[in-house]
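Trainee: I have a structure I would like to understand better, so I am pasting it below and will then ask my questions one at a time.
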Amino acid sequence: TTSISVLTSHYTTSNSSNYQDTGLNQSITPSASSSKIIIIVCLDVMGWGDRDRRPNTCICYGSVSSSNRLAQQVAGEYHTGDSGSYSYGGQTYWYVHSPSTTSQVTYRVGLKSADGSNVRVQGDSGNDRRSFMYLQEMKG
């Protein structure tokens, strides 16, 4: 089983307390409880509006929360210059998860600001796709 999802619009936040659901999510139903799920996520991220601008992303199992986080990454930089400049980057996840179920499971991408600045996961459609999630079952 294979499943693909593309983020078609930008998701922006300045929340530094909790991960926010970006809307990039995908579900898959394993055929056996021993199956593993390969999760591949590619994200186009940016931060702006302050000298310390660091997007913090995660992939979560079920709902977006720190307790459901499978992996996280922080990008961006601390810049000692103009506070109106931008930081751009990419983040890629390759993760193998063992959900131990034959029920549908949903994986989600979360975003928070590491410091309260504005951060974004870029989305788009057509030939300009920027952020996506790919799921594939590995039968156990």
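Trainee: Which label belongs to the value computed from this structure, given these candidates for mean projected area of the Cα convex hull in nm²: [x] 12.2; [y] 8.0; [z] 9.1?
Mentor: Evaluating mean projected area of the Cα convex hull in nm² on these atoms matches [y].
Trainee: Let me ask something else. Roughly how many debye, to the nearest 20, is the charge dipole of the chain about its Cα centre, given +1 on each Lys and Arg Cβ, -1 on each Asp and Glu Cβ, and no other charges?
Mentor: On the way: 11 positive and 10 negative charges, 75 e Å.
I would put it at about 360 debye.
Trainee: Given a Förster distance of 22 Å, report the FRET efficiency between residue 129 and residue 16 from their Cβ-Cβ distance, rounded to the nearest 0.05.
Mentor: Working: r = 28 Å, r/R0 = 1.28.
FRET efficiency, residue 129 to residue 16: 0.20.
Trainee: For the chain, what's the relative contact order in percent, using C-alpha pairs closer than 8 Å and at least 6 residues apart?
Mentor: On the way: 426 pairs, mean separation 64.4, N = 140.
Over the chain, the number comes to 46 percent.
Trainee: Something else now. With a point put 7 Å past each Cα toward its Cβ, work out how far residue 65 is from residue 29 in nm, to one decimal.
Mentor: 2.6
Trainee: Averaged per residue, what accessible surface does the chain expose to a 1.4 Å probe, in Å²?
Mentor: Working: 6720 Å² over 140 residues.
Normalised by residue count, the accessible surface of the chain is 48 Å².
Trainee: Which far-off residues, 5 or more places away or on another chain, put their amide H under 5 Å from the one on residue 24, with H placed in the peptide plane?
Mentor: 109
The values are calculated or read from the model by the stated rules, or taken from the named source; none is laboratory data. Remember, predicted model here, so these are calculated numbers, not experimental data. Glycine gets a Cβ as well: all are built from the backbone with ideal geometry, and neighbour counts include every protein chain shown. To get the accessible areas, we keep the full protein, side chains included, count just its heavy atoms, and leave off ligands, DNA and RNA. Shrake-Rupley method; radii C 1.70, N 1.55, O 1.52, S 1.80 Å.
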